[in-house]
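Heads up: the structure comes next, in structure tokens.
The values are calculated or read from the model by the stated rules, or taken from the named source; none is laboratory data. Note that the structure is a prediction, hence the values are computed from the model and not measured. The area values use the complete protein model at the heavy-atom level, side chains included, leaving out ligands, DNA and RNA. Shrake-Rupley method; radii C 1.70, N 1.55, O 1.52, S 1.80 Å.
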Amino acid sequence: MTTTDPYMQLLGLETLRVEAGKAVVAARVRPEHLNIHGSCHGGFLYSLADAAFALASNSHGTPAVALSTQMQYFKAVKAGDRLEAHASEENLGRRTATYRIEIRSEGRVVALFTGTVFRLEEKT
């Protein structure tokens, strides 16, 4: 399984770990990731979480595509901060699966992403 894609590369995201139902993706917040208030853009945080979500949900070898996601933002993040998105599988069914992704900075959770995927049938 590929552990990066062109969008991840564009944003400077780094895959640290992928295993069955889990993934960890990291990034350093750069000046171009900031919003008009000078803190990390929510879209960057979402993209980081979404990358971990995609890797974890596709880690079983069955193609999976997003059905729904939700994002909660708890703490502001600034340029220079190192972030890690930790994805874990909460439920794995035959056709759907749900994941929890915590975005952490220096051990504290700064945002929470949850997502559900549709698991496509394997082609035989």
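Helix 42-57 and the longest principal axis of the Cα set of the chain meet at an angle near 30°. Reported value for the chain: 97 Å³ per residue, from the convex hull of its C-alpha atoms. Couplings 3J(HN,Hα) for region 80-97, derived from phi with the Karplus relation 6.51 cos²θ - 1.76 cosθ + 1.60 (θ = phi - 60°), are x, 5, 9, 10, 10, 9, 9, 9, 9, 7, 9, 7, 10, x, 5, 10, 9, 8 Hz, where x marks Gly and Pro. The length gained by stretching the chain between Ala66 and Leu92 to full extension, at 0.36 nm per residue less their Cα-Cα distance, is 8.0 nm.
As a fraction of the 1.4 Å probe accessible area of region 1-78, surface on carbon and sulfur atoms comes out at 53 percent. Mean separation of Cα pairs under 8 Å and 6 or more residues apart, divided by the residue count, gives the chain a relative contact order of 26 percent. Converting phi to 3J(HN,Hα) with the Karplus coefficients 6.51, -1.76 and 1.60 and the offset θ = phi - 60°, region 59-66 yields 6, 8, x, 9, x, 9, 10, 5 Hz in sequence order, with x at every glycine or proline. Dividing the radius of gyration of the alpha carbons in region 72-124 by their Kirkwood radius gives 1.16 for Rg/Rh. Surface analysis of the chain yields an accessible area of 55 Å² per residue, using protein heavy atoms and a 1.4 Å probe. Amide H contacts of Ala64: Leu120, each under 5 Å away and 5 or more positions distant or on a separate chain (H built 1.01 Å from N in the peptide plane; Pro and chain starts excluded). Note on region 1-47: percent of Cα-Cα distances in each 5 Å bin, starting at 0 and stopping at the bin with the largest distance, equals 5, 19, 29, 21, 14, 8, 4, 1.
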